1. Give the residue that is nearest to Gly135 (Cα to Cα), with candidates limited to residues of region 21-38 that are surrounded by 14 or more Cβ atoms within 10 Å (Cβ to Cβ) and aliphatic (A, V, I, L, M).
2. Just wondering, is there one or more residues in region 76-95 that are part of a loop (DSSP other than H, G, I, E, B) and surrounded by 15 or more Cβ atoms within 10 Å (Cβ to Cβ)?
3. For the structure I just gave you, tell me whether Ala20 is closer than 20 Å to Leu148 by Cα and not acidic (Asp, Glu).
4. For Arg33, all conditions in the list (1) in a helix (DSSP H, G or I); (2) under 25 Å from Asp152 (Cβ atoms) hold save one; what is the number of the exception?
5. Given the residues Gly97, Gly81, which is the only one that is touching a residue at least 12 places away in the same chain (Cβ under 8 Å) and either of a type in the set (Lys, Arg) or within 18 Å of Ala20 (Cβ to Cβ) (or both)?
Amino acid sequence: MTLSDWLLVFHLWSAFALVAAFVLFWVLVVAMRDVDGVEDTLAYGRVANLGAKVVQVGAIGTIVFGVWLAFNKDSYAIWDGWIVAAIVLWVVAAATGNRSGAEYGKAMTRAEELKASGQEGQPGELRTLNRSPRGLLLHSIASVAVLLILIDMIWKPGH
């Protein structure tokens, strides 16, 4: 196998990790809509922390191996329109995904505060934080950006 083949393999594995983490986050977004308890919120938070690590590996791997592949493969150039589009979409996905995580992280922070103080909090308080409309919007934007990247990578418009 050539270096280009290995770069492509690692780029695809990274993309798989990234998409898998996004699917996991969608499951969490839906599952947590009715969660109002401290322990349940913290339990879902532990799963979200694992997903955050996977999304970081996937995001870093896709950009590093993708750019390296663009420089290594003669038929690709970093300034090709479809590659530039993928990089811009990657930035959008990373920025909005990061902000989405911060929005949903507010529920985890509040649950940790409540647990440390031995309280349960106000009825509906954690449910409201777990249903973050801003978090949902940001995660939706990040997900659309990742979907557009996949479409761009599969069909390579203009190539």
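1. Going through the qualifying residues, I end up with Val29.
2. yes
3. For Ala20, the condition - closer than 20 Å to Leu148 by Cα and not acidic (Asp, Glu) - is met.
4. For Arg33, the failing item is (2).
5. Gly97
A short reminder: the numbers here are calculations on the coordinates, not readings from a lab. What you see is a predicted model; the values in this text were computed from it and never measured. With ideal geometry, Cβ positions are generated from the backbone for all residues, glycine too; neighbour counts draw on all protein chains shown.
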